[in-house]
Amino acid sequence: MKKVLVIQTAFLGDAILTLPMIQYFRGKNKQVELDVVCIPATKEVFEKSLDVNKVFILDKKGKEKNLLSLFRFGKRLSGENYDLVISPHRSMRSSILTFIINPKDSVTYDKTSGSFFYKRKIKYNINEHEVLRNLRLIGFNESNWKIFPSFNYLDKEKEYVNDFLKEKLKNNTKLCAVAPGSVWHTKKMPQYLFEKLIEEIRKRSCFIILIGGKDDSNLCEEISAKFDEKVISAAGKFNVAETSYLLTKCKFLITNDSAPTHIGMSANIPVFTIYCSTVPDFGFFPYSQNSFVFGVNDLDCKPCGIHGHKKCPIGTFDCGHKINLREIINKVEELI
């Protein structure tokens, strides 16, 4: 093999969880050029990987939205003469794209829509972590699958984060991160519970930094405005690699079942993930040392979907309102 293409056009968290597979593959095949197809929102994830050669952007909600534009995109990639296409993304669009590219070999999951377009298929085991599932695509059969996503932190990015923390922290060193946002409403623990949780953590002499993307800025600003200067918002201020580097400075991260969980894995710190409408059994739980999961487990309506919903399907949102904050606080106390 000389050239390999990975197709991953899913969300940010999925992109980050593809990195361990890429890192392992390149470690075993150092001579191979590995390229990635991704969406605009995750371009940065793969550009920050030392194991990725080129990144191709598939704007599936924009200029590559229709089948004709997808065909043109695929024909351009077919000129790269790939020996192997690996697709962790299980969409029909990715399957059609693989067919158009026409590599010598291709592999995906048996649960992929349009899996018949691929030359090889492997079993999608819903009981395994997503990192391990992705590794299975490249024939991984070792016992230790806990490979952490890795970003290439540029010196200027580290300096930017360090200067920000130096200005905000003053002499406080017990830094803790909280990520209260999510793309899906039913994945978010209610704001008032995050505020109660932050209030309790503050009593333990912690300096709290709220993190998230630009879409989380308003939520994080609203929360930080209710506290003193030792609770600040950094939402929207850092890129993914900078956020990862920031988390290496934190004692732990508290987050919903969303992308920050996986950014926390890249920082290899304790992560406390709160599951509202989803469950850890889907395979997206934190796996670093001293990480824990929390949620209401005795609800007949849970889980109500793989990704979550814009609102609770039955109108109660008990999986969010009934989160036991004491369980989280107890774990915080153990760490600090």
Sparse-neighbour loop sites [GluC sites (Glu not before Pro); region 182-247; at most 16 other C-beta within 10 Å; DSSP]: GLU229
Cα gyration tensor category, rounded, prolate or oblate, for region 3-136 with a/c compared to 1.5: rounded
Relative packing of peptides 101-111, 319-329 - highest average C-beta neighbours within 10 Å first: 101-111, 319-329
Under 15 Å from the Cα of LYS203 - aspartates and glutamates, other chains or at least 8 residues apart: GLU195, ASP228, GLU229, GLU333, GLU334
Candidate aspartates and glutamates for bridging to LYS146, where Cα separation is under 19 Å - those fewer than 8 sequence places away on the same chain excluded: ASP14, ASP51, GLU128, GLU130, ASP257, ASP281
Options (1) 129; (2) 140; (3) 153 - which one matches volume of the Cα convex hull per residue in Å³ as calculated here: (2)
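Listed here are the pairs LYS61/LYS249; LYS111/LYS249; LYS60/LYS249; LYS61/LYS302; LYS28/LYS166; LYS48/LYS170; which of them are more than 32 Å apart at the Cα? Could the numbers behind the result be given before it?
Values: LYS61/LYS249 36 Å; LYS111/LYS249 39 Å; LYS60/LYS249 36 Å; LYS61/LYS302 30 Å; LYS28/LYS166 40 Å; LYS48/LYS170 30 Å.
Over 32 Å apart, Cα to Cα: LYS61/LYS249; LYS111/LYS249; LYS60/LYS249; LYS28/LYS166.
No value in this document is a laboratory result; all are computed from the given coordinates. Since the model is a prediction, treat every value here as computed from it, not as a measurement. Every residue, glycine among them, receives a Cβ derived from its backbone with ideal geometry; neighbour counts consider all protein chains shown.
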